[in-house]
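Below is one structure; the comments refer to it alone.
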Amino acid sequence: MVTARLRFWEGVSPNALRLMVTTMILSILMMGIAAVTRTLFILRLDLGTEFFGVYNAFAAFGYTGMAIPAGLLGRRFGLKPTMVFGVVTFLVGYLLGPLVEYTPHTLWVPWSLAAQFISAAGYSILSVNASPAIMATTRPDNRSKTYSLLSTTRNLGVFVGLVAGGMLPTRIAALMNWSLDTTDPYRVALLGSGLLAVSALFVVLRYQEGDASITAKEPVAREGLFPALSLGLVLVYIVLSQSAIAVCHSFCNAYMDTELHLSADFIGWLSALGQVFAVFIPFAVPRLRNRMDNSSVLILASLVSALLVAPIIAGESWVLAGITRMGVMSMSAIWMPVIQMYQMEMVQAEYRPIAFALVSVALGANFGLISLFGGYIIEAWGYPSLFLIGAVAAVAGSVFLLAIRARPAMQPRFAN
């Protein structure tokens, strides 16, 4: 078993490995520690549930708003300089956030939103350019494995971050004799963990642009250089299908804190347990793609994600919430590498940063809308209504992609 796992790494280029490590480090911070520690930090600023929804929305707006400029920057200045700029931008925003209490109270809201926007924009700049950078260093016959490993390393980073996000504030509070009801342990944890981004900067600086060894012929879209119609249809699917995942990512931890009154430690470990599945489940992607095409895998992942939201709607229990949290995270780990391959193979290499930027816009728009209106929906109708909306939208996305497959004129058309 161990030998088989090690063989899975064979044939992956050093450049791709460097980008995986960089992505993993930023995932530890952005998707792991921030998902727990920063959430609890913001909630303890006592700015209200509505603000928490807007705060999450600004992360999506930062990611979305910077996606297309990031693609243009990558095409204009090269992938490596743009990714370095992205890591630096992320670091600035991540470290500014915990310093909000050192500003006048009237600046707490704009300061927090600006820091959230900047860190998300930096993460967007890296992500938008990392995907085509990996594509450029990977042969088509090895692409499924490489993108599966990218998903695995990203989710491994999230796992480490979730564990650290739950443990760090608790340990710091015990060491300093601080209450977990104050912001102090969370602020120190965020500032200390932010220094990890410096190591990501050193790793991405070792990326060698133009060091690709692509020997097999690339698939080229029949619709021309940029298949606008096909990609546009895929973007509609993305906005709908990600709703179940976005709802849980944005509000599951807040739900467990405010409604179930679980400790930060427990929330971190519960989320981390879901990441254990998310770390290993991408290894199934190559086998799934041997049995089904990309669109079938995407439809299956979206439908299962919607189904897994049902437990958290059914009742107030940490067991039910944990099933939803862990299950949705696992499906996201399957969905992400497949959607990356699906849309990347639709366009030629020079347009891939722009193509993935548009995908990032769709992802960010979905997260942004859910985060922006989620807080208001919770205040009006409660958490179950919001989770139900996310599940229904994910089912609608699957139906939409089925409709595309059923009509040849609407299908993305690839070269043979």
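The values are calculated or read from the model by the stated rules, or taken from the named source; none is laboratory data. Just so you know, these numbers come straight off a predicted model, no measurement behind them. Please note: Cβ atoms are built from the backbone with ideal geometry, for glycine as well, and neighbour counts cover all protein chains shown.
Kindly evaluate Ala34 against the criterion of being closer than 27 Å to Ala246 by Cα and crowded, with 18+ Cβ neighbours inside 10 Å. Steps first, please.
On the way: closer than 27 Å to Ala246 by Cα: yes; crowded, with 18+ Cβ neighbours inside 10 Å: yes.
Answer is yes for this residue.
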So, first residue farther than 27 Å from Leu149 by Cβ and in contact (Cβ under 8 Å) with a residue 60 or more places away in the chain in the range 18-46, second residue outside any helix (DSSP H, G or I) and of a type outside the set (Lys, Arg), Cβ within less than 6 Å, six or more apart or across chains; the pairs are Phe41/Thr183; Arg44/Thr183
message: Taking the criterion of being closer than 22 Å to Ala59 by Cβ and either surrounded by 22 or more Cβ atoms within 10 Å (Cβ to Cβ) or acidic (Asp, Glu) (or both), would at least one residue in the range 282-300 satisfy it?
response: no
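So which of Ala120, Ala174, Ala136 is more than 20 Å from Ala34 (Cβ to Cβ) and in contact (Cβ under 8 Å) with a residue 24 or more places away in the chain? Can you show your working first?
Details: Ala120 fails: more than 20 Å from Ala34 (Cβ to Cβ); Ala174 fails: in contact (Cβ under 8 Å) with a residue 24 or more places away in the chain.
Only one candidate qualifies: Ala136.
Residue-by-condition table, conditions (1) in a helix (DSSP H, G or I); (2) within 24 Å of Met20 (Cα to Cα):
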position: Ala164; (1), (2): yes, yes
position: Leu175; (1), (2): yes, no
position: Asp181; (1), (2): no, no
position: Ala197; (1), (2): yes, yes
position: Ala200; (1), (2): yes, yes
Exactly one of Thr82, Thr23, Thr103, Thr89 is within 23 Å of Tyr207 (Cα to Cα), modelled with pLDDT of 85 or more, of a type in the set (S, T, N, Q) and surrounded by fewer than 23 Cβ atoms within 10 Å (Cβ to Cβ), and that one is Thr89
Per the filter on the range 240-254, residues modelled with pLDDT of 85 or more and surrounded by fewer than 24 Cβ atoms within 10 Å (Cβ to Cβ) are Leu240
The residue from Leu308, Leu240, Leu262 that alone is at negative phi, of a type in the set (A, V, I, L, M, F, W, C) and over 20 Å from the mean Cα position of the chain (by Cα) is Leu262
Pairs returned, first residue in the range 314-327 that is without any contact (Cβ under 8 Å) to a residue 40 or more places away in the chain and surrounded by 15 or more Cβ atoms within 10 Å (Cβ to Cβ), second residue that is assigned to a helix (DSSP H, G or I) and among the hydroxyl-bearing types (Ser, Thr, Tyr), beta-carbon separation under 7 angstrom, 6 or more apart or interchain, are none
Of the conditions (1) in contact with a Ser or Thr (Cβ under 9 Å, 6 or more places away or on another chain); (2) touching a residue at least 24 places away in the same chain (Cβ under 8 Å), the single one that Arg76 does not satisfy is (2)
